[in-house]
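Asks: So that we are looking at the same thing, I have put the structure below in structure tokens.
Where a number appears in this text, it was derived from the coordinates with a stated rule and is not lab data. No experiment lies behind these values; they were computed from the predicted model shown. Neighbour counts are summed over all protein chains in view; Cβ atoms, including those assigned to glycine, are modelled from backbone coordinates with ideal geometry.
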Amino acid sequence: MLLLASSSPRRQELLRNARILHTIHPADIPEIRNVGEAPAQFAQRMARDKARAVYSALRPSPGTFVLGADTVVVVDDDVFGKPADEQDASRMLRRLSGRTHVVITGICLCGVRTGQSEVFEEVKSESTRVVILPLSDDEINDYVATGEPLDKAGAYAIQGLASRWIPRIEGDYFNVVGLPVASVCRLLREHGGV
């Protein structure tokens, strides 16, 4: 069994589509980047902290693992999480317009393997390069008005309306949606969770 330390509907859907049984136990922790912290390190730390928070709170039995995940969008070494409001979403989209950026998802799997007593913790990240076409102010304003960007890292959903502006990616598509499913499956297999 897998405990997902996230309330993200997209992560839940990706796990369901991959037929990975899971339950939802969101971690409520502050998501603040440390000064000088590299974007991948930040995403990995957030994933680890989320997984640890849920593991500590629930202390699941051996063979039940906790998965933490955190997705960030990086442009010019600036890290974009979820926008604070519509104005912030517009700002992010203007920065991404006509550029290539990187989406990084940190993942952490922790728990106790069946038949063992020690807690393991494995942290990884996946990076995907995303190209966004140039966007007009009207396109940005109309998109933000839909509400779709407001709960997405980088203020866009590759699987939603923003798909019309993304001609190319390099890497794992599902990573951009919010969870590198193949990497998660690989971790689960390695630790006896699938």
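Asks: Could you tell me the calculated FRET efficiency between residue 99 and residue 146, based on Cβ-Cβ distance and R0 = 22 angstrom, to the nearest 0.05?
Replies: About 0.50, to the nearest 0.05.
Asks: Let me ask you something else. Would you list, by chain and number, the lysines whose Cα falls below 20 Å from the Cα of residue 124, excluding same-chain residues fewer than 8 positions away?
Replies: Cα-Cα hits under 20 Å: 50.
Asks: Each residue of segment 149-159 in turn: what ³J(HN,Hα) in whole Hz from Karplus with 6.51, -1.76, 1.60 and θ = phi - 60°, glycine and Pro shown as x?
Replies: x, 6, 10, 10, 4, x, 6, 8, 10, 4, 8
Asks: Relative to the longest principal Cα axis of the chain, at what angle does helix 86-96 sit, 0 to 90 degrees, rounded to 10?
Replies: With both axes taken from Cα atoms, the answer is about 80 degrees.
Asks: Right, something else. Average the reciprocal distances over every distinct pair of alpha-carbons in segment 135-174, invert the result, and give the Kirkwood radius in Å.
Replies: Taking every pair of different Cα atoms in segment 135-174, averaging 1/r and inverting gives 10.9 Å.
Asks: For the residues 80, 42, what sequence is obtained by ranking on other C-beta atoms within 10 Å, fewest first? Before the final figure, lay out each step's value.
Replies: On the way: 80 25, 42 22.
Ranked by crowding around the Cβ, least crowded first: 42, 80.
Asks: Quick one: helix 181-190 against the long Cα principal axis of the chain, what's the angle to the nearest 10°, folded into 0 to 90?
Replies: 10 degrees
Asks: Taking the convex hull of the alpha carbon atoms in segment 44-135, what volume per residue do you get, in Å³?
Replies: Considering the Cα atoms of segment 44-135, their hull volume per residue is 102 Å³.
Asks: What is the log10 of I(q)/I(0) for the chain, computed with the Debye formula using one identical point scatterer on each Cα and no solvent, at q = 0.09, 0.12 Å⁻¹?
Replies: -0.33, -0.57
Asks: Shape call for segment 107-194 from the C-alpha gyration tensor, a ≥ b ≥ c root eigenvalues: rounded (a/c under 1.5), prolate (a/b greater than b/c) or oblate?
Replies: prolate
Asks: Could I ask something else about it? Quick check: pseudo-label points 7 Å beyond the Cα along Cα→Cβ at residue 32 and residue 118, how many nm apart are they?
Replies: So the two model labels end up 3.4 nm from each other.
Asks: For the chain, modelled as a Gaussian network with Cα springs under 10 Å, which listed residue fluctuates most, 102, 131, 54?
Replies: Its mean-square fluctuation being the largest, the pick is 131.
Asks: Now a separate question. Distance between the C-alpha centers of segment 121-152 and segment 33-76? Whole Å please.
Replies: Centre-to-centre distance over Cα atoms comes out at 21 Å.
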